[in-house]
1. Filter segment 40-52 for residues that are out of contact with any helix residue (DSSP H, G or I) (no Cβ under 9 Å at 6 or more places or on another chain) and part of a loop (DSSP other than H, G, I, E, B); which is farthest from GLY63 (Cα to Cα)?
2. Please verify whether VAL138 is away from the ligand (no atom under 16 Å from the Cβ) and crowded, with 24+ Cβ neighbours inside 10 Å, treating the condition exactly as stated.
3. Give TRP18, TRP60 a once-over and let me know the one that is more than 27 Å from ALA231 (Cα to Cα), aromatic (Phe, Trp, Tyr) and either in contact with a Lys or Arg (Cβ under 9 Å, 6 or more places away or on another chain) or in a strand (DSSP E or B) (or both).
4. Using beta carbons and a limit of 6 Å, which pairs, at least six apart or on different chains, have the first residue in segment 261-279 and touching a residue at least 12 places away in the same chain (Cβ under 8 Å) and in a helix (DSSP H, G or I) and the second one among the small types (Gly, Ala, Ser) and within 13 Å of the ligand (Cβ to nearest atom)?
5. Which is within 13 Å of the ligand (Cβ to nearest atom), among the small types (Gly, Ala, Ser), closer than 24 Å to SER71 by Cα and surrounded by fewer than 24 Cβ atoms within 10 Å (Cβ to Cβ), of GLY127, GLY180, GLY147?
6. Looking at ALA160, ALA153, which is the one that is assigned to a helix (DSSP H, G or I), within 18 Å of ARG83 (Cα to Cα) and within 13 Å of the ligand (Cβ to nearest atom)?
7. Quickly run through segment 63-97 and pick out the residues that are part of a loop (DSSP other than H, G, I, E, B), surrounded by 13 or more Cβ atoms within 10 Å (Cβ to Cβ) and more than 25 Å from the chain's Cα centre (by Cα).
8. Given the condition at pLDDT 95 or above and surrounded by fewer than 23 Cβ atoms within 10 Å (Cβ to Cβ), answer yes or no: does some residue in segment 155-168 qualify?
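The values are calculated or read from the model by the stated rules, or taken from the named source; none is laboratory data. Computed from a predicted model, the values in this text were never measured in an experiment. Cβ sites come from the backbone with ideal geometry, for glycine too, and all protein chains shown count toward neighbours.
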Amino acid sequence: MFSATVSAPTNIACVKYWGKKSVALNTPINSSVSVTLDQNDLKAVTTVCVSKSFKKDRLWLNGTEEDVTKSKRFMACISGVKRLATTKVSTEGEVLVDKSEWKHFGVHVSSMNTFPTAAGLASSAAGYAALVAGLAEVFGAKETYPGELSTIARQGSGSACRSLYGGFVAWRMGKDHDTGEDSLAQQVCDENHWPELRALILVVSDEKKDTSSTEGMSTSVNTSKLLGYRASTVVDERMRSIEKAYTERDFETFGKITMQDSNQFHATCLDTYPPIFYMNDVSKSVIKIVHAYNRWKGKVAAAYTFDAGPNAVIYHLEDVADELLALMLQYFPDDKFLGSLFGSSFVNNPQAWDRAKAFGLDDELLRMCDAKGRARGMGGDVKKIYITKSGPGPIVLSKE
Ligand code: DP6
């Protein structure tokens, strides 16, 4: 038996993938680009064991066995990585497994997520990236061209291909619609390129979303004219501009495109028939607050984005991190978070609301809240807050 344990990060797209060109190959109708987050809080940890004595491939997700025998996605990852397997040789040079033998090995996988599954925080991205990275480690897989493993992760879940690299990562849609072999991830900048960049994540709901991405995309492709316009006319130019902005560490442009693209993605959801609503009132409050904050700063200092769920990710730079967190906590108090994380910081302060005013927040921001500093008309509190930044791709934790 051979095994490897790996962890893989999630990623949050700035230009979103929405819509499949080929459902069978899981190729997209447009390219996309995302920031890979660091692995402190949000990651999948996956152990892959392979043995000739395993009669069938099996998966345990967060401790519960899932029936994967009919999961084309899971099976595509296993067979894809097996195709790239190499002969296993001991340190003494003895052949342990010839590469032709791997096909007789069954695969057992146990995977844990450290964040809400299917709540629109790209848990499938981290999960399938960890699966492919773990399989690649066990089978000693060697790519025949750069990005080949990402084409396999893509077949598990589209966004997973981007989690195989750290930093700022593009998923090029590709031109070969028969094989999908050029629909792959490419690192634009590594995880050390923009150390000041931060992401503040407000978990608004940790419940499973009611419309899965796959199902939502299919309805959007079939019914939304706006989606077709977006893919043919908008995305390419946005990709060029945002990659340049990230490379030049130009937050103003990076942030503006990120917000515009999130808004357009959710507009295509509304244009879908019947419409899909991923954002809720809390999400909309976050949008208003971020725009009011940016007006107050006189520049784009914070940029929100929402995936297929109500949870907010707010990109910003380190120099406004405390201020932005304090501001968000005025609107979306999170007592557990305040108590546990900021024992001595100014945000754990009964007079925190006065502090926010002391930042000089203008009347517009204050008008949006009640006396306790909660945004008016808000649907509920946030469940959890994460503060993170860009990080590396999958990490091998152990192997035997
Ligand atoms: C809104 O990658 O979860 O997060 O390929 O069907 O598994 P499947 O979809 P998935 O979709 C992610 C959609 C998104 C945007 C993005 O991450 O680019």
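1. ASN40
2. yes
3. Residue meeting the stated conditions: TRP60.
4. THR268/SER220
5. GLY180
6. Going through ALA160, ALA153 in turn, just one is assigned to a helix (DSSP H, G or I), within 18 Å of ARG83 (Cα to Cα) and within 13 Å of the ligand (Cβ to nearest atom): ALA153.
7. LEU84, ALA85, THR86, THR87
8. Yes, because at least one residue in segment 155-168 is at pLDDT 95 or above and surrounded by fewer than 23 Cβ atoms within 10 Å (Cβ to Cβ).
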